[in-house]
Amino acid sequence: QVELVESGGGFAQAGGSLRLSCAASGPNTDRLDFAWFRHAPGKEREFVASIRWGGHNTDYSNSVKGRFTISTDNAKNTAYLQMNGLKPEDTAVYYCAADLSDLDWYHENPDYWGQGTQVTVSS
């Protein structure tokens, strides 16, 4: 069973930066595709970014494109989400997700989820 453990959430001012980490453990972690989702109070869960195993083929939601960067460190089995130019509307619980299949992240549920980490951006 794959386990995902997130870290790096916290508080930031508008315009600031945070980096989230997602450490994967278990079988086949070298073949995982990763994604980040977020869930703000009163809103539906939102896809943020994804990356294929090996660090290729990234995708971003329009709301974060140009500000956030997803990456992986294959040696550490860890995915990252570098968040720059943060806005108050980025405030949410951020979840790391992973799957061994080439998912349509917008419409399919991944097999593995992290516990979530809170990101709060003040104006």
Among the residues of the range 39-47, is there at least one that is buried (at least 22 other Cβ atoms within 10 Å of the Cβ) and under 20 Å from GLY116 (Cβ atoms)? no
Show the residue pairs meeting these rules: Cβ distance below 9 Å; 6+ apart or different chains; first residue within the range 103-123 and in contact (Cβ under 8 Å) with a residue 24 or more places away in the chain and farther than 19 Å from THR58 by Cβ; second residue surrounded by fewer than 14 Cβ atoms within 10 Å (Cβ to Cβ) and hydroxyl-bearing (Ser, Thr, Tyr). ASP111/SER101
Got at least one residue in the range 54-69 being buried (at least 20 other Cβ atoms within 10 Å of the Cβ) and either under 19 Å from LEU4 (Cα atoms) or hydroxyl-bearing (Ser, Thr, Tyr) (or both)? no
Restricted to the range 79-114, and to residues that are among the hydrophobic types (A, V, I, L, M, F, W, C) and open to solvent by 60 Å² or more (accessible area, probe 1.4 Å), which residue is nearest to GLY9 (Cα to Cα)? TRP113
All positions within the range 96-118 that are farther than 18 Å from GLN1 by Cα and hydroxyl-bearing (Ser, Thr, Tyr): TYR106, THR117
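The values are calculated or read from the model by the stated rules, or taken from the named source; none is laboratory data. Keep in mind the model is a prediction, meaning the values are calculated, not measured. Here the Cβ is made from the backbone with ideal geometry for all residues, glycine too, and neighbour counts use every protein chain on show. Note: areas computed on protein heavy atoms with side chains; ligands, DNA, RNA excluded. Shrake-Rupley method; radii C 1.70, N 1.55, O 1.52, S 1.80 Å.
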